[in-house]
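Trainee: Okay, handing you the structure first.
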Amino acid sequence: MKPTARLACPLALFLAFSSVKGQLAEEYHTWTNTSGRTVEATLISVDAVAKTLKIKTKDGREFDVGISTLSAADFEYAKTRYAAMKAAPPAAAPVAMPAAAPATPAAPATAATPTTPAPAAPKGKAAPAAPKKPAPPRPAFVINPIAKFKAPAANDYLSGIQKVRPRLIQNAAGWAAIKGQIAADPALTKLLDVLKASGEELLKDPELNRINGEIRGTVSEGSRAIYRMGLLAALHYGDGDLKWKDRAVRELLLLCDKTNFRDWHPVEAQAVADMVIAVTLGYDWFRDGLTAPQATEIRTFLEQKGVDALIAHLNEEPPPPTAFGTAPGASETAKKKADPKKAKGKPDKAEEAPVNSEQMAIASALLLTAIGFADEAPDMAKKCANEGAKFFGEGIQRFAPGGVWPEGMAAGDAVMDYASMVIQSLRSASGKDLGLSVLEGIPQFGVARLHLYGPTGKPFNYGDSAENAGSRPWVATWLCGLHGNPGIPAVAAGAKMPVASSYFGQTGHFMYYNPHAAGDGTPDAMEFAMPGGIAAAVRSGWAKDALYVAVKGGDNRDLHGQLDIGSFVLEAGGVRWGLELGAESDRAPGFEVKPGADRTKRYELFVEGTAGQNTISFGDNQEMDARAGVLLGQSTPEQGLAVVDMTKAYDKVAKDVHRGVMVMRGTAPYLVIQDDLSVKNSKNLVWSMMTKAEIAPDGASAVLTLGGKKLLATIVSPKGATFSAGDPPEPANEQMRTVGKDKDGKGEGVKILQATVPDAKGEVSLCITFTTAEAAPAHTHTPIAAWVKKK
């Protein structure tokens with residue numbers, strides 16, 4: 001049943017008090033949706049933003065159902081029932097947060113989670129302790145498969161935008177619902193106290209101003225402006241003291257004051273995107289504090305210094321002169337358009353480089369601007385929507401199918417942070433999100449994020465991500481509200497945030513707060529291995545000393561990626577033994593690659609090429625156009641495993657190249673990493689693992705020692721393969737990292753555990769086990785093709 005005019009007036013009254021839930025005896029009703037599906041359940045609550053109602057079945061399962069999908073009889077029943085609930089005494093339990101339900105719910109269905117079954121507790125280990133405060137049951141939703149997804153057009157993002165403010169991320173009802181939770185939820189109360197303390201420190205600090213010099217990384221005036229606008233908005237709507245609004249308006253005006261900011265560093269796309277987001281959010285949240293001339297000046301400055309520069313970056317053109325406060329000089333010059341001629345290392349036209357994280361940041365900033373200014377600056381909004389839609393719809397599909405962003409976890413967190421602002425703003429501004437929140441890959445992101453952090457708490461930092469790279473955990477809070485808690489701990493307030501903070505920080509947890517994030521989740525499985533996905537992980541348990549391996553496939557076409565298909569991290573006994581090196585210094589020659597440029601110099605750098613990865617090599621880099629994915633995964637009480645198909649990365653020297661990782665559970669757990677392949681010609685096959693441990697090789701075994709702990713590595717197959725210890729090459733110039741140690745003993749101290757199969761030819765199976773026990777496990781070598789037992 002499509003929404004009709006008959007729903008308009010009663011629906012407005014129906015939603016007016018949607019944050020209220022009364023104490024009323026449960027009454028079960030048979031609900032019928034427009035598809036004819038029925039379910040017997042009791043009405044729990046109504047979500048004002050998503051225009052959904054929450055129902056609960058007799059067995060305790062909860063579902064979110066769109067009001068527009070109700071039959072006429074159910075709609076009338078819901079109105080009557082809800083009126084009785086409002087008249088009853090208020091319940092003590094917290095109300096549902098606005099972001100808790102999908103924008104396009106369907107009839108009850110099973111939420112998409114990893115395909116591997118949940119394993120039993122490992123033998124000899126206690127089962128995980130029950131959560132102290134369990135999160136609610138996960139809501140039902142239906143995944144929108146990529147195969148059936150049509151990227152939204154520009155007009156889709158502008159359709160149905162309500163001409164009211166605030167409307168970005170949270171509308172008035174959303175902010176009110178959060179504020180209504182504060183007194184009833186101690187965790188949220190404490191979180192607000194932290195925000196207040198952080199806000200008081202901010203009030204003592206000067207407003208932001210433009211810093212001269214080079215912008216490096218993601219820390220810029222723009223990222224700090226996002227932090228300030230988010231914090232002041234949360235305090236304005238959550239606390240109400242006028243001082244927060246007054247400061248926010250002053251910040252906003254100065255961000256767009258040509259004497260304070262002559263420009264927003266127009267040649268730095270990331271810095272501009274962040275500033276555009278900060279100004280757009282601030283304009284929406286504090287519009288009523290601006291005079292008409294001030295609002296006009298902000299819109300003009302935003303378009304000239306921000307929007308036009310971002311559109312130029314998307315089109316690989318120099319920013320226009322109006323984006324600069326002064327004519328570009330020696331210290332800051334416009335980028336030249338990339339040479340359209342085919343360059344060595346550049347993908348063919350049919351294999352163009354995929355949308356990257358920087359382009360997603362730009363596209364998200366433009367779409368957020370389109371939603372924010374659809375009424376007051378329709379021409380600018382349409383321009384933003386037209387350009388942003390070209391990249392956003394294509395880029396968001398890169399999370400499919402497993403929820404893992406190919407460029408790295410830190411990049412994935414950043415992309416999801418930007419995308420969440422767009423998707424949540426669509427929900428709050430128009431009541432729909434174009435199916436983006438349930439698009440294949442988005443619901444899986446929270447599950448993948450959970451599994452790709454090891455027992456030590458460190459992420460699988462593949463690609464150009466550092467081991468301590470800043471993550472954006474509030475993204476998980478937002479996702480919990482949409483898809484339920486996949487197994488993360490409840491949101492808890494941290495320490496007071498420094499004035500120089502970037503992005504939302506704890507403010508993100510506050511503005512996205514919901515019951516699913518407010519309670520502890522329970523993981524469905526120890527393994528994560530989704531066929532076709534980018535990465536997989538296996539572990540012996542959830543304790544800090546558990547054994548763990550995460551391995552990746554990947555897409556070597558990414559301009560800012562590494563040639564690292566098959567790379568892994570390995571943990572055991574509370575130590576990360578197998579390291580991902582992260583990125584080379586961005587000052588190293590060849591590190592930065594522009595679209596259409598030659599990438600070969602980048603991959604001559606040890607850290608970026610195949611030699612610096614935990615994978616196999618025949619002395620050369622992997623193929624630059626290779627793609628690889630997870631082939632399969634399986635989990636049983638006794639073991640967990642995953643297999644990655646790496647064939648395309650080595651197609652000139654080998655065929656049928658598969659890397660399998662396995663954990664054997666039990667009283668003496670151990671790990672297996674195995675590579676099965678067919679080598680075309682006789683070549684030395686070298687297996688590598690970067691580590692900071694001391695390495696003592698002894699033929700087919702090696703003992704690694706680090707922090708007083710030991711790890712025993714053993715080559716099970718083939719005969720004749722041996723271990724050795726190597727060192728990373730010394731940097732070729734001062735701009736590069738010293739990954740190992742230099743002649744003076746300075747550097748990062750990384751060493752390389754290598755296993756060599758001399759003169760490998762034909763069918764080869766290199767099988768290596770790892771254990772913290774004194775003796776090697778009695779592992780029986782089996783070809784990867786026989787790992788999965790047929791039913």
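The values are calculated or read from the model by the stated rules, or taken from the named source; none is laboratory data. These numbers were taken from a predicted model, which means no experiment stands behind them. Note that each Cβ is placed from the backbone with ideal geometry, even for glycine, and that neighbours are counted across all protein chains shown. Please note that ligands, DNA and RNA were not included when accessible areas were found on the heavy atoms of the full protein model with its side chains. Shrake-Rupley method; radii C 1.70, N 1.55, O 1.52, S 1.80 Å.
Trainee: Stretch residue 241-residue 763 to full length: gain in nm at 0.36 nm per residue minus the Cα-Cα span?
Mentor: Roughly 180.7 nm would be gained on extension.
Trainee: Still on this structure, please answer the following. Could you give me D for the range 689-791, from Stokes-Einstein at 25 °C and 0.890 mPa s, where the hydrodynamic radius is the Kirkwood radius over C-alpha pairs? Units µm² s⁻¹, please.
Mentor: 156 µm²/s
Trainee: At a Förster distance of 25 Å, what's the computed FRET efficiency of residue 292 paired with residue 499, Cβ-Cβ distance as r, to 0.05?
Mentor: Using R0 = 25 Å, I get an efficiency of 0.20.
Trainee: Considering Cα pairs under 8 angstrom that are at least six residues apart, work out the relative contact order of the range 563-644 and quote it in whole percent.
Mentor: With pairs under 8 Å counted, the relative contact order is 28 percent.
Trainee: Between residue 698 and residue 542, with labels modelled 7 Å along Cα→Cβ, what's the label distance in nm to one decimal, could you check?
Mentor: Reported label-point gap for residue 698 and residue 542 is 3.8 nm.
Trainee: Taking the Cβ-Cβ separation of residue 780 and residue 705 as r and a Förster radius of 30 Å, what is the calculated FRET efficiency to the nearest 0.05?
Mentor: 0.60
Trainee: Projected onto the charge dipole of the range 185-309 (+1 at Lys/Arg Cβ, -1 at Asp/Glu Cβ, origin at the Cα centre), which of 306, 211, 248 gives the Cα projection farthest towards the positive end?
Mentor: So the residue furthest toward the plus end is 211.
Trainee: Residue 76 to residue 28: extension gain in nm, 0.36 nm per residue of separation minus the Cα-Cα distance?
Mentor: Length gained, residue 76 through residue 28: 15.8 nm.
Trainee: Also, quick follow-up: In Å, what is the Rg of the alpha-carbon atoms in the range 457-497, and how long is Dmax?
Mentor: In order Rg, Dmax, the Cα atoms of the range 457-497 give 12.5, 31 Å.
Trainee: Moving on. Within 10 Å of each candidate Cβ there may be at most 10 other Cβ atoms; applying that plus a DSSP loop requirement, which GluC sites (Glu not before Pro) in the range 175-245 survive?
Mentor: Answer by residue number: 214.
Trainee: Round to a whole angstrom and tell me the spacing of the C-alpha centers of the range 525-582 and the range 162-237.
Mentor: Taking the Cα centre of the range 162-237 as reference, the centre of the range 525-582 is 34 Å away.
Trainee: Next up: Can you spot the aspartates and glutamates whose alpha carbon is less than 20 Å from residue 719's alpha carbon? Ignore those fewer than 8 places along the same chain.
Mentor: 675, 676, 698, 759, 763
Trainee: Number of Lys-Lys pairs in the range 154-310 under 17 Å by Cα, sequence gap 8 or more or different chains?
Mentor: Step by step, the pairs that qualify in the range 154-310 add up to 9.
Trainee: Quick one: if you take sqrt(5λ) for each eigenvalue of the C-alpha gyration tensor of the range 625-772, what semi-axes come out, biggest first, whole angstrom?
Mentor: One finds semi-axes of 27, 22, 16 Å for the range 625-772.
Trainee: Now, a different point. Given points 7 Å out from each Cα along the Cα-Cβ axis, report the residue 620 to residue 147 separation in nanometres with one decimal.
Mentor: About 3.6 nm separates the two model spin labels.
Trainee: Another question, then. Subtracting the Cα-Cα distance from 0.36 nm times the residue separation, let me have the gained length for residue 587 to residue 155 in nm, one decimal.
Mentor: 151.4 nm
Trainee: Modelled label-to-label distance, residue 594 and residue 668, 7 Å Cα→beta-carbon offset: nm?
Mentor: Taking the two extended label points, one gets 6.0 nm.
Trainee: Same structure again: When only alpha-carbon atoms count, how far does the range 243-287 stretch along each of its three principal axes, as whole angstroms with the largest first?
Mentor: Principal-axis extents of the Cα atoms in the range 243-287, largest first: 34, 21, 13 Å.
Trainee: Give me the percent relative contact order of the range 217-323, please, defined on Cα pairs under 8 angstrom at least 6 residues apart.
Mentor: This gives 30 percent for the range 217-323.
Trainee: Separate question: What trypsin sites (Lys or Arg not before Pro) in the range 139-229 are in a loop by DSSP, with at most 12 other Cβ atoms within 10 Å of the Cβ?
Mentor: Of the trypsin sites (Lys or Arg not before Pro), the ones in loops of the range 139-229 whose Cβ has at most 12 other Cβ atoms within 10 Å are 150, 163, 204, 216.
Trainee: Over the range 433-540, average the accessible area per residue using a 1.4 Å probe and give it in Å², no decimals.
Mentor: Ligands and nucleic acids excluded, the result is 23 Å² per residue.
Trainee: Between residue 258 and residue 204, take the C-beta separation as r, use R0 = 22 Å, and let me know the FRET efficiency to the nearest 0.05.
Mentor: 0.25
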